[in-house]
1. Check 402, 390 and return the single one that is assigned by the TED database to the domain that holds residue 374, assigned to a helix (DSSP H, G or I) and touching a residue at least 60 places away in the same chain (Cβ under 8 Å).
2. Give the stretch 417-455 a look and list any residue that's open to solvent by less than 40 Å² (accessible area, probe 1.4 Å), touching a residue at least 40 places away in the same chain (Cβ under 8 Å) and within 15 Å of residue 480 (Cβ to Cβ), or say none.
3. Exactly one of these conditions fails for residue 74: (1) open to solvent by 40 Å² or more (accessible area, probe 1.4 Å); (2) free of Cβ contacts under 8 Å to residues at least 60 places away in the same chain; (3) within 27 Å of residue 141 (Cα to Cα). Give me its number.
4. Of the residues that sit in the stretch 151-160 and are within 30 Å of residue 332 (Cα to Cα), among the aliphatic types (A, V, I, L, M) and not in a loop (DSSP other than H, G, I, E, B), which one is most open to solvent (accessible area, probe 1.4 Å)?
5. Hey, can you tell me all the residues within the stretch 501-521 that are within 21 Å of the chain's Cα centre (by Cα) and open to solvent by 30 Å² or more (accessible area, probe 1.4 Å)?
6. Mind checking which residues of the stretch 87-106 are surrounded by fewer than 20 Cβ atoms within 10 Å (Cβ to Cβ) and either modelled with pLDDT of 95 or more or of a type in the set (A, V, I, L, M, F, W, C) (or both)?
7. Output the residue which, of all residues in the stretch 317-328 that are part of a helix (DSSP H, G or I) and open to solvent by less than 40 Å² (accessible area, probe 1.4 Å), is nearest to residue 293 (Cα to Cα).
8. Take the conditions touching a Gly at 6+ places or on another chain (Cβ under 8 Å), buried (at least 19 other Cβ atoms within 10 Å of the Cβ) and of a type in the set (Gly, Ala, Ser) and apply them to residue 524. Does it pass?
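The values are calculated or read from the model by the stated rules, or taken from the named source; none is laboratory data. Given the structure is predicted, the values throughout are model-derived calculations rather than measurements. All Cβ positions, glycine included, derive from the backbone under ideal geometry; neighbour counts span all protein chains shown. Surface accessibility is based on the protein's heavy atoms, side chains included, excluding ligands, DNA and RNA. Shrake-Rupley method; radii C 1.70, N 1.55, O 1.52, S 1.80 Å.
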Amino acid sequence: MFKFLKEVVAGSGSGLKDFPYTIGEPYASAWGSWTHHRGTSKDDGSPVSIFSLSGSNPQDRHLVAGRNGVKRLRTVRHPNILSFLHSTEAEVSDGPAMKHTIYIVTEPVTPLSEKLKELNLGGTQRDEYFAWGLHQISKAVSFLNNDCKLVHGNVCVTSVVVTQTLDWKLHAFDVLSEFDANNEASNSPMLQFEWLVGTQYKPMELTKSDWVSIRKSPPWAIDSWGLGCLIYELFSGAKLTRTEDLRNTASIPKSLLPDYQRLLSSAPSRRMNPFKLIDNSEFFQNKLVETIQFMEVLNLKDSVEKDSFFRKLPNIAEQLPREIVLKKLLPVLASALEFGSAAAPALVVLLKMGSWLPADQFSAKVLPTIVKLFASNDRAIRVSLLQHIDQFGESLTAQTVDEQVFPHVATGFSDTSAFLRELTLKSMLVLAPKVDEEPAIRTNTTILLGNIANYMNDGTRKRVLINAFTVRALRDTFPPARAAGIMALSVTSSYYEMTEIATRILPNVVVLTFDPDSDVRTKAFQATDQFLQIAKQHHEKLTMGDNSAAEATGIQLKPGNAGLLGWAMSSLTQKGKGSDHGPVSSANASNSQISATSSVTSDNRSSTVAYAPSTSSSLDQTAPASARSSVDGWGEIENDNTQEENGSDKEGWDDVDPFDEKPPPSLLSNIQAAQKRPVAQPKQPVSNSSRLNQPKVPKPEEDPLWGSIAAPAPKNASKSSDIKPSTSHNDDDDLWGSIAAPPPKSAGKPLKPPAAANSDDLWGAIAAPPPSTKARPLASSGRGRGTKPAQPKLGAQRIGRTSSTGM
């Protein structure tokens with residue numbers, strides 16, 4: 001018999017030399033003569049528990065009982081019984097002497113007494129956790145007694161250990177024996193190693209060694225007594241030292257007291273079956289036990305029950321001990337999701353529980369399950385993943401995204417559900433930087449998001465835009481990506497509330513005003529001015545008492561998609577530097593304030609400038625710049641030439657050098673000729689003292705329309721960009737009849753009159769100095785006489801005429 005047991009024990013190892021585990025530090029407590037060590041596997045470093053039992057010789061009775069425990073533990077399998085991994089027996093030197101030692105390797109567990117001190121639970125949470133633990137140990141004892149007809153013999157606190165998921169498991173099988181009910185008259189010991197059990201844990205019949213009475217009793221009689229001892233030790237918080245202490249029921253919960261008394265009945269036949277304790281006791285009906293039990297049989301529940309359960313679970317989890325939720329409920333929930341037994345609402349609960357974990361534990365316990373869910377065909381699961389991708393996206397590695405996540409997410413672009421396609425597009429904000437480490441991809445991701453902002457609903461914009469632009473783009477290591485983030489904020493400024501601008505946007509943008517990259521600094525200053533202007537408008541609204549308008553304060557800007565993408569491509573081709581967006585005047589560079597009024601003004605004037613004649617390269621370059629609105633797509637936010645125009649309107653051409661050799665535009669010739677003939681001036685505000693008020697003179701019908709008008713040849717075309725077309729001429733009101741200019745000194749090509757003009761005269765007050773050279777007179781395009789004009793006057797004159805007779 002001894003040889004057989006030794007072969008069973010040593011069958012999985014020939015000694016410590018080949019022992020595939022590393023023995024660590026021992027715990028302070030263990031059952032009987034065993035020592036409980038921490039350990040790790042030499043193969044993968046995974047944690048294990050190692051139990052060792054030593055004796056002076058192989059025939060030591062403790063070793064014999066230990067071999068019985070190894071054999072029983074290897075052959076008895078149950079979810080609530082300690083899982084066996086490996087065992088061996090070896091001779092170990094202990095100084096000059098040699099000791100025989102048995103080693104058992106099991107799943108990693110902790111002694112119950114030490115785990116309870118670590119958890120330090122109290123009140124209702126302690127009772128609920130004790131109820132769950134007793135529920136598990138009662139199932140293990142019931143399995144041994146009712147199903148296997150075995151008697152454990154020593155159920156107590158030291159025979160219970162706790163797993164990493166806080167499950168309670170029964171071990172210490174050294175005394176375990178078969179229940180011999182066939183030989184009731186026999187007085188031979190049924191429990192061969194009952195001497196290992198402490199006297200305080202023995203029921204009266206076992207203390208008296210009344211084996212006849214024991215054989216006539218039900219199989220659970222001895223172990224039901226042991227469950228009573230375990231309950232006492234749990235709630236009293238002290239180790240049982242005398243059998244008489246079991247009468248002290250002050251610490252036992254009232255809901256458990258009747259069952260506790262039945263377990264410790266003096267008559268073995270009247271003791272409660274552990275199976276009935278599980279099903280009938282009121283003590284086990286609590287939130288923790290019911291929640292775990294529901295999740296263990298989740299496969300048997302229908303969809304309605306699952307949905308109802310998972311919608312209530314977040315609130316229930318808040319009330320349960322945090323340690324139990326993270327170590328017990330979280331693994332069960334992750335497993336249920338991974339194998340398809342949990343519904344989509346369970347993912348929300350998983351992420352909420354996972355948020356209570358440190359980052360490293362989240363990556364180890366939650367993230368693997370989430371990554372596997374991306375391969376799910378359940379559309380509800382895919383939608384839930386994309387809706388909450390911002391909660392776990394940062395934890396995904398680039399390799400994981402590239403190999404396991406993105407291929408499945410990309411299928412959403414062609415999904416028949418519009419909502420899923422939208423979520424797939426939004427998820428690119430999180431996944432794109434991890435799919436491709438190229439900084440250009442990150443930059444264009446920001447640009448794309450800014451372009452599609454106006455297609456998002458309000459809730460999505462509030463949740464996505466500021467986080468995307470401030471948390472990600474503005475902190476990017478790639479300068480164009482930071483610049484794109486600034487411009488994206490500027491373009492989408494109308495979507496932000498004043499509180500968000502003051503607390504989230506401005507603090508992040510101002511930091512970039514001393515960015516190492518000059519382009520980023522420039523755009524940061526422009527954006528700062530813009531948002532400060534919005535804040536100023538908000539202040540003025542509040543000062544005037546218009547609270548409703550103040551709440552909606554913002555500058556409506558149009559993104560301009562083509563300009564944005566064009567900017568991105570040109571920037572990226574210039575090694576990280578943003579490309580120029582057209583010439584910007586000095587006034588624009590120094591005064592980059594943007595308001596809703598200036599935006600509207602620039603839009604109105606753009607239609608006027610579109611008709612300006614182009615006679616030089618400088619005009620060709622400047623006209624497009626002035627025709628743009630205040631925000632050119634994603635380019636620099638420019639201020640239109642309002643200030644320059646106003647200055648021209650007030651000061652005329654006194655500070656403009658004469659033109660050199662280039663032929664003058666027809667409009668300038670007309671303007672000069674306008675000074676030659678006195679005309680009536682309409683009533684309108686005069687802003688310059690140099691403007692002349694001339695009497696209205698009716699025009700005869702025979703007056704020529706243009707006469708012999710000649711324009712002076714310009715000496716310098718440096719400021720030709722300031723010349724804008726007249727908008728006050730129309731078919732019914734001829735302001736220029738019978739106007740003729742002196743013949744130029746040098747010949748020039750005749751200029752044709754403008755085909756059309758608008759109704760407002762923006763250039764009537766402009767006059768040029770007298771020409772120094774002769775120009776070829778223009779052909780008369782009207783009827784009437786051609787009179788010699790008077791000597792032209794120098795200086796700026798504003799002339800506004802209205803015709804007394806329609807032409």
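1. Exactly one of 402, 390 is assigned by the TED database to the domain that holds residue 374, assigned to a helix (DSSP H, G or I) and touching a residue at least 60 places away in the same chain (Cβ under 8 Å), namely 390.
2. 439, 440, 443, 446, 447, 450
3. Single failed check for residue 74: (2).
4. This residue is 157.
5. 503, 504, 507, 508
6. Result: 90, 92, 97, 98.
7. Going through the stretch 317-328, the residues part of a helix (DSSP H, G or I) turn out to be 317-319, 322-328.
Checking which are open to solvent by less than 40 Å² (accessible area, probe 1.4 Å) leaves us with 317, 324-326, 328.
Details: 317: 15, 324: 14, 325: 14, 326: 16, 328: 12 Å.
Ranking the candidates gives 328 first.
8. Criteria not met by residue 524.
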